[in-house]
Amino acid sequence: MRIGTTQEEIDGVVQKAKSLGLGVQLNVGTDKTVVAILGSNTGQLSTEIFAVLPGVECVTRIMKPYKLTSREFKTEDSLVSISGIEVGGKRVVVIAGPGAVESEEQIMEAAKVVKECGACMLRGGAFKPRTSPFCFQGLGKVGLELLAQAREQFDMPVVTEVVDPGDVSLVSKYADILQVGSRNMQNFALLTDIGRSKHPVILKRGFACTVTEWLTAADYLLAEGNSQVILCERGIRTFEDTTRFSLDISSIPVIKRFSHLPVIVDPSHAAGHYALVPAIAKAAVAAGADGLLIEVHPNPKEALVDGLQSLTPSDFARLMEELRAIAKSVGRYI
Ligand code: PEP
Ligand code: MN
């Protein structure tokens, strides 16, 4: 309450809380009175219903806005299991492949090289969320079929993005993990549908979103009963323009502290340039990431999407060796 507030105003706040079935604790200081309101931990009641009352200086929510994703809700780490591969355990899960599925030859070659190098899942976009409508939008359903073919041939789970809520069931038929892209982190209709599908999902961080907004968005998935949620840090927009995005490395320990969900890192979209990817990938593993999502193309010079940030097969092979050493040094393996 404001300094100099009247007893009547304090009573008004107390009455309001009681009328909503909430408990109240009064803390009467020398200058100020603080009214602690107890029992609204779901976030369903807006703080504004108190902020507008006479005499109120400010209303501070003590509980986090995210619930189901929080460590308070679940103290042990969550593991997401995909065809026997656990994400969130001792193993650092490397998911690699091209930005987009372009052709049978390209995706098969990509699958072969990433598998040989020790990646345990294949990535590849069939539906691409492109900034411009004139850019290659992906092969759509044909791309999904090619991914399924690669999954069969190389016995690797596949990860691919779903952009449209109407495509969730289609993409779920082909993908072992659905990916929600950065631009869709707060597409709540999409999150709700994926939540209902109960399909494993990677939720990328919106590049203009805080960690709190990211975890709160993940609550949409958990609230529908989908607990197979993996977070993916992929960089945020800052004033820095020497990289495509600024990788927020600190979000990894922050997530580990406040959430039970596994978190992986996409160094490719953060870097925007192949030369920067290895250092960022290694930093992520050192910082405690549970996995990496890396763009690898059999021939980046010919890539239809994001060739500049894609590693060649030989660069990827070298990086995997370096990553093994980093993983070992932090008590993990690849
Ligand atoms: C991607 O991984 O293909 C992608 C489009 O990434 P982001 O959503 O992080 O930009
Ligand atoms: Mn991309």
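Side notes on the structure shown:
- Potential lengthening between Gln25 and Glu240 on full extension [0.36 nm per residue; Cα-Cα distance subtracted]: 72.8 nm
- Taking Thr238, Thr60 and ordering them by how much accessible surface each has at a 1.4 Å probe, largest first, produces Thr60, Thr238.
- Linear extension gain, Lys18 paired with Ala223, 0.36 nm per residue minus alpha-carbon span: 71.0 nm
- For the chain, the longest principal axis of the Cα atoms and the long axis of helix 104-117 meet at an angle of about 80 degrees.
- Residue (of Leu304, Ile177, Ser250) at the positive-pole extreme of the chain, dipole from beta-carbon charges: Ser250
- Counting heavy atoms of the protein chains alone, Asp241 has an accessible area of about 130 Å² for a 1.4 Å probe.
- Gyration tensor (alpha-carbon) shape descriptor, the stretch 138-288, a/c threshold 1.5: oblate
- Counting only lysines at least 8 places from Lys16 when in the same chain, those with an alpha carbon closer than 21 Å to its own are Lys32.
- Estimated distance in nm for a label pair at Glu8 and Lys32, the labels positioned 7 Å out from Cα along Cα-to-Cβ: 2.4
- A Förster radius of 41 Å, combined with the Cβ-Cβ distance separating Cys135 from Glu322, puts the computed FRET efficiency at roughly 0.80.
- Ranking Leu146, Ser46, Phe316 by Cα position along the charge dipole of the chain, where only Lys, Arg, Asp and Glu carry charges on their C-beta atoms, puts Ser46 farthest toward the positive end.
- Centroid-to-centroid separation of the stretch 1-54 and the stretch 116-151 [C-alpha atoms, Å]: 53
- Per residue, the accessible area of the stretch 290-334 comes to 45 Å² when a 1.4 Å probe rolls over the protein heavy atoms.
- In this view, the solvent-accessible surface of Thr243, computed with a 1.4 Å probe and all protein chains in place, comes to about 40 Å².
- Glu104-Lys301 FRET efficiency (beta carbon distance; Förster radius 22 Å; 0.05 resolution): 0.65
- Rounded to the nearest whole Hz, the Karplus-based 3J(HN,Hα) values (6.51 cos²θ - 1.76 cosθ + 1.60, θ = phi - 60°) of the stretch 240-248 follow the sequence 6, 10, 7, 10, 5, 9, 9, 5, 8, with x at glycine and proline.
The values are calculated or read from the model by the stated rules, or taken from the named source; none is laboratory data. Computed from a predicted structure; not experimentally measured. Glycine gets a Cβ as well: all are built from the backbone with ideal geometry, and neighbour counts include every protein chain shown. We work out accessible area using only protein heavy atoms, side chains counted, and drop any ligands, DNA or RNA first. Shrake-Rupley method; radii C 1.70, N 1.55, O 1.52, S 1.80 Å.
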